[in-house]
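The values are calculated or read from the model by the stated rules, or taken from the named source; none is laboratory data. Worth saying up front: this structure is predicted, and the values here are computed from it rather than measured. Positions of Cβ are generated from backbone atoms using ideal geometry, with glycine treated the same way; all protein chains shown enter the neighbour counts. Each accessible area value is taken on the protein alone, full model and side chains, heavy atoms only, with ligands, DNA and RNA left out. Shrake-Rupley method; radii C 1.70, N 1.55, O 1.52, S 1.80 Å.
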Amino acid sequence: MTDFHFYEPGKGHGLPHDPFKAIVGPRPIGWISTQDGDGRVNLAPYSFFGAFKSDPPVIGFCSEGYKDSIANIERTGEFVANLAVRALAEAMNLTSAPFPSDVDEMRAAGLTAAPCIRVAAPRVAESPAALECRLMQIVRLQGLDGRPFDNYLALGQVVGVHIDTHFLSDGLFDTRRADPILRAGYRGDYATIGDMFEMIRPESVPPEIAAIS
Ligand SMILES: Cc1cc2nc3c(=O)[nH]c(=O)nc-3n(C[C@H](O)[C@H](O)[C@H](O)COP(=O)(O)O)c2cc1C
């Protein structure tokens, strides 16, 4: 039998560092641009980020604490998720610094604000792709005991998609060329996509499997 280390998170992991984010990784990074009520731009990366459905597309991210991005989204009802890529890694990282609320992190990181079409918040012009979103819900997470966590999940329906045509090859978005960065491992660890392989989903249960199940 293989030996497994088991722990219950509430009772400590018993390891030098918490392995949770190394297990649930690599994770895509939603580089979230918003505006506050006065039109000031905010930009910050979130790796508790994902896509939840495709037609229409829905994406979301979770804030650990009530951060500026969530406050802005609650106020304006919209946000933009920009693709964080290797060429913009240092800029992305800089935008995670604890800037005061009134600082435009897009400008502070030397990035260019490009106008969006369906939302007022700008996108990062240098990013190969951006998803304009309208807020569906902000869900304040609550624990098993029913008590609220200080964690806020923002879910947005994608209402506009920008793709830099330089990253379209024969009409397909070239993920490898875009080179997204992913949060992985422990503090400061990132991954890029590495190898890709193709595997087509079965349209029916293979007969030899059906026979034994
Ligand atoms: C790669 C990366 C991923 C991050 N993911 C999250 C996340 O999922 N949730 C979170 O609350 N903070 C996350 N942070 C930290 C926020 O980016 C940071 O607190 C930032 O200052 C929040 O900005 P805001 O207050 O303008 O929204 C992440 C930071 C980095 C560098």
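Yes/no matrix, rows are residues, columns are (1) of a type in the set (D, E); (2) surrounded by fewer than 20 Cβ atoms within 10 Å (Cβ to Cβ); (3) closer than 30 Å to A121 by Cβ:
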| position | (1), (2), (3) |
| --- | --- |
| F4 | no, yes, no |
| K11 | no, yes, no |
| G30 | no, no, yes |
| S47 | no, no, yes |
| K53 | no, yes, yes |
| P57 | no, yes, yes |
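Report yes if D104 is modelled with pLDDT of 95 or more and either away from the ligand (no atom under 12 Å from the Cβ) or within 22 Å of G39 (Cβ to Cβ) (or both), otherwise no. Working first, answer last.
Details: modelled with pLDDT of 95 or more: yes; either away from the ligand (no atom under 12 Å from the Cβ) or within 22 Å of G39 (Cβ to Cβ) (or both): yes.
So D104 passes the test.
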Among (1) under 16 Å from the mean Cα position of the chain (by Cα); (2) at positive phi, G146 falls short only on (1)
Among the residues of the stretch 43-59, which ones are assigned to a strand (DSSP E or B) and within 16 Å of the ligand (Cβ to nearest atom)?
-> L43, A44, P45, Y46, F49, G50, A51, F52, I59
Provide a single number: the residues in the stretch 72-107 that are surrounded by 18 or more Cβ atoms within 10 Å (Cβ to Cβ) and outside any loop (DSSP other than H, G, I, E, B).
-> 15
Long-range neighbours under 6 Å by Cβ, at least six apart or interchain, first residue touching a residue at least 12 places away in the same chain (Cβ under 8 Å) and β-branched (V, I, T) within the stretch 43-68, second more than 11 Å from the ligand (Cβ to nearest atom) and open to solvent by 50 Å² or more (accessible area, probe 1.4 Å) = V58/F52; V58/Q157; I59/A51
